[in-house]
Ligand code: SAM
């Protein structure tokens, strides 16, 4: 008998993977948590039936959500990760010796426990002494923070369930208040091909609060359409012009997807996306190369 898993990206489109077995299956206080073992993509973490990470392609997402903001910032010391319970973003943060404080705020502690047990390669950094973990709602946590972080990474599920509030303007204002004067925030912003409206709303909400807002892309085969996006908003830094070039070059020796050339090219958007964006009245392309 053959076993197959399908994630429906829309009523008419899905991703199907051949499965060896189901390793873990539990309803947590927040969501349905499943771990499957696939033939071609290794172990897969599902939350409410949606692919969160696979062993084969998680490095793309975690490297791009982490190294782009860190190399764009002049000298980051403190990072807040909201979500990220699998530990992949923390693992990538720990490649930066200059970081002194890495705080993770994850609403579901059972995601952390399951990933520590079944995804050791991804969650390895969660036990590092630099990392402080809080199991609580990031929406509430952020309200108590003022000028406390250099970088904030929103590594959450899509805007459904507990994550809905992480994509709203009020939350982004709280993020702005929690960032230091040269702070940068990055959020995963879904597939601009599959869910263009969601991506556009995230960009518009952030650009209504931050003076510099850009979006960049990466290829993640197990995410809807394979074209995935991030939105980066900063109080001062330009994500390309202010990139620490030599530092980014050296980092490339310790990554599998990110490098200094990818950092720059990822911000170049195809016309069907860039023509929908303006930043501070400039067309997206002019804003990027201002
Ligand atoms: N790479 C994935 C993606 O792009 O969809 C994200 C993976 S990570 C496992 C997503 C995490 O966000 C989940 O563990 C979920 O529990 C957490 N999360 C969702 N809403 C949250 C909230 N309001 N506060 C903190 N964590 C939240």
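I'd like the full set of residues that are assigned to a strand (DSSP E or B) and over 16 Å from the mean Cα position of the chain (by Cα), limited to segment 87-120.
Here is the first cut: in segment 87-120, the ones assigned to a strand (DSSP E or B) are 101-106.
Answer for segment 87-120, where residues must be assigned to a strand (DSSP E or B) and over 16 Å from the mean Cα position of the chain (by Cα): just 101.
Check segment 128-148 and report whether any residue there is closer than 25 Å to residue 63 by Cβ, in a helix (DSSP H, G or I) and away from the ligand (no atom under 12 Å from the Cβ).
no
Could you list, in sequence order, the residues of segment 166-177 that are in a helix (DSSP H, G or I) and within 14 Å of the ligand (Cβ to nearest atom)?
Within segment 166-177, the first condition is being in a helix (DSSP H, G or I), and the residues that meet it are 166-167, 169-177.
166, 167, 170, 171, 172, 174, 175 - these are the residues of segment 166-177 that are in a helix (DSSP H, G or I) and within 14 Å of the ligand (Cβ to nearest atom).
Could you check segment 191-284 for helices (runs of 4 or more DSSP H) lying wholly inside it with 2 or more residues that are under 18 Å from residue 172 (Cβ atoms) and in contact with a helix residue (DSSP H, G or I) (Cβ under 8 Å, 6 or more places away or on another chain)? First the steps, then the outcome.
Working: elements: 196-207, 245-251, 260-265, 271-274.
Qualifying helices (runs of 4 or more DSSP H): 196-207.
Can you spot a residue in segment 69-86 that is within 12 Å of the ligand (Cβ to nearest atom), assigned to a helix (DSSP H, G or I) and under 22 Å from residue 134 (Cα atoms)?
Initially, segment 69-86 is screened for residues within 12 Å of the ligand (Cβ to nearest atom), giving 80-86.
Going one step further and asking which of them are assigned to a helix (DSSP H, G or I), we end up with none.
Within segment 69-86, none of the residues are within 12 Å of the ligand (Cβ to nearest atom), assigned to a helix (DSSP H, G or I) and under 22 Å from residue 134 (Cα atoms).
Could you tell me whether any residue of segment 154-165 is in a helix (DSSP H, G or I) and surrounded by 20 or more Cβ atoms within 10 Å (Cβ to Cβ)? Give the derivation first.
At the first step, the residues of segment 154-165 found to be in a helix (DSSP H, G or I) are 161-165.
With the extra rule that they be surrounded by 20 or more Cβ atoms within 10 Å (Cβ to Cβ), the set shrinks to 163.
Yes - at least one qualifying residue is present in segment 154-165.
With the structure loaded, tell me whether residue 288 is within 26 Å of residue 201 (Cβ to Cβ), crowded, with 19+ Cβ neighbours inside 10 Å and not assigned by TED's automatic domain parsing to the domain that holds residue 240 or whether it fails that test. Walk me through it before giving the result.
Details: within 26 Å of residue 201 (Cβ to Cβ): yes; crowded, with 19+ Cβ neighbours inside 10 Å: yes; not assigned by TED's automatic domain parsing to the domain that holds residue 240: yes.
For residue 288, the condition - within 26 Å of residue 201 (Cβ to Cβ), crowded, with 19+ Cβ neighbours inside 10 Å and not assigned by TED's automatic domain parsing to the domain that holds residue 240 - is met.
Determine which member of the set 16, 6 is touching a strand residue (DSSP E or B) at 6+ places or on another chain (Cβ under 6 Å), without any contact (Cβ under 8 Å) to a residue 60 or more places away in the chain and more than 22 Å from residue 115 (Cα to Cα).
Working: 6 fails: more than 22 Å from residue 115 (Cα to Cα).
The match here is 16.
It is to be established whether one or more residues within segment 87-110 are touching a helix residue (DSSP H, G or I) at 6+ places or on another chain (Cβ under 6 Å), within 13 Å of the ligand (Cβ to nearest atom), over 17 Å from residue 60 (Cα atoms) and in contact (Cβ under 8 Å) with a residue 40 or more places away in the chain.
The answer is yes, given that some residue of segment 87-110 is touching a helix residue (DSSP H, G or I) at 6+ places or on another chain (Cβ under 6 Å), within 13 Å of the ligand (Cβ to nearest atom), over 17 Å from residue 60 (Cα atoms) and in contact (Cβ under 8 Å) with a residue 40 or more places away in the chain.
Answer yes or no as to whether residue 96 is out of contact with any strand residue (DSSP E or B) (no Cβ under 7 Å at 6 or more places or on another chain) and either assigned by TED's automatic domain parsing to the domain that holds residue 175 or crowded, with 19+ Cβ neighbours inside 10 Å (or both). Reasoning before the result, please.
Details: out of contact with any strand residue (DSSP E or B) (no Cβ under 7 Å at 6 or more places or on another chain): yes; either assigned by TED's automatic domain parsing to the domain that holds residue 175 or crowded, with 19+ Cβ neighbours inside 10 Å (or both): yes.
So residue 96 fits the description; yes.
Answer yes or no: is there a residue in segment 186-200 that is more than 13 Å from the ligand (Cβ to nearest atom), at pLDDT 95 or above, under 18 Å from residue 72 (Cα atoms) and over 15 Å from the mean Cα position of the chain (by Cα).
No, there is no match, as no residue in segment 186-200 is more than 13 Å from the ligand (Cβ to nearest atom), at pLDDT 95 or above, under 18 Å from residue 72 (Cα atoms) and over 15 Å from the mean Cα position of the chain (by Cα).
For segment 1-59, which positions are in a loop (DSSP other than H, G, I, E, B) and within 13 Å of the ligand (Cβ to nearest atom)?
Within segment 1-59, the subset in a loop (DSSP other than H, G, I, E, B) is 1-2, 11-12, 28-31, 39-42, 48-49, 55-57.
Passing the criteria: 28, 29, 30, 31, 48, 49, 57.
The values are calculated or read from the model by the stated rules, or taken from the named source; none is laboratory data. Keep in mind it's a predicted model, so treat the numbers as computed, not measured. Heads up, the Cβs are rebuilt from the backbone with ideal geometry, glycines too, and the neighbour counts pull from every protein chain shown.
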